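The structure under discussion appears below in the form of C-alpha cells.
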Amino acid sequence: MIQLAAGEEQSPLIPPGPELLVGTIAFAIVFFFFWKKLLPNINKVLEQRREAIEGGIEKAEAAQTEAQSVLEQYKAQLAEARHEAARLRQEAQEQGAQLIAEMRSEGQRQREEIIAAGHAQIAADRKAASQSLRQDVGQLATTLAGKLVGESLEDHARQSRTIDRFLDELEEKAEAAR
C-alpha cells in the first residue's frame, strides 16, 4: 500500500486505487456471468410463468364461459321440466275430472237400472200377489157359497168367471172411491 503524505488521511468512503481496480474487475466478471447465464434463465422462467398465468386466465375464462352456458342450459331444462310437470298435473286433473264424470254417469245409469228393475219386480210381485189373492179369494168364496147354498160349486170355468167379475167390480169401486 502506498502511504499518503504524512498529514493527509485517507477518506473511509473512497477505497485505495488497486482495491478499486480489483473490485471493478470482479464486478464486471460477476455482471457478465449474470448477464450471459442467469439473466436468460430468469427471463425464460418469467416468460413461462407469464404464459402459464395468461393460459390459466384464458382457461379460467373459458371454463367460466362454459359454466355460464351450462348454467343457462340447466335453467332452460329446469324451466322446461317445470312446464312439463305443470302440463302433466293439468292433464291428470282433467283425466280425474273426466273419470269422476264418467263414474257419476255410470252410477246414475246403474241407479236408474236398479230403480227400473225394482219397479218391474214390484209390478210383477203385485201381479203375482193379485193373481194369488184372486185364486185364494175365489176358493174361499166358492167354499163359502157352497156352504151357504148347500151344494158344491166345483165348476171351475163358471167359478173363475164369477170370481173375476166380482173382483173387477171391487176394484172399480175402490178406484172410484179414491
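Side notes on the structure shown:
- Of everything in the stretch 5-21 that is assigned to a helix (DSSP H, G or I) and open to solvent by 100 Å² or more (accessible area, probe 1.4 Å), the residue that is modelled with the highest pLDDT is 21.
- Residue within the stretch 82-100 that is open to solvent by 100 Å² or more (accessible area, probe 1.4 Å) and among the acidic types (Asp, Glu) present: yes
- The selection criterion, being at negative phi, in contact with a helix residue (DSSP H, G or I) (Cβ under 7 Å, 6 or more places away or on another chain) and either polar (S, T, N, Q) or modelled with pLDDT of 80 or more (or both), holds for residue 152.
- Residue match in the stretch 53-73 (condition: open to solvent by less than 100 Å² (accessible area, probe 1.4 Å) and under 21 Å from the mean Cα position of the chain (by Cα)): no
The values are calculated or read from the model by the stated rules, or taken from the named source; none is laboratory data. Please read these numbers as outputs of a predicted model, since none were measured by experiment. Note: ideal-geometry Cβ built from the backbone for every residue, glycine included; neighbour counts use all protein chains shown. Side chains are part of the model used for accessible areas, which takes the heavy atoms of the whole protein and leaves out ligands, DNA and RNA. Shrake-Rupley method; radii C 1.70, N 1.55, O 1.52, S 1.80 Å.
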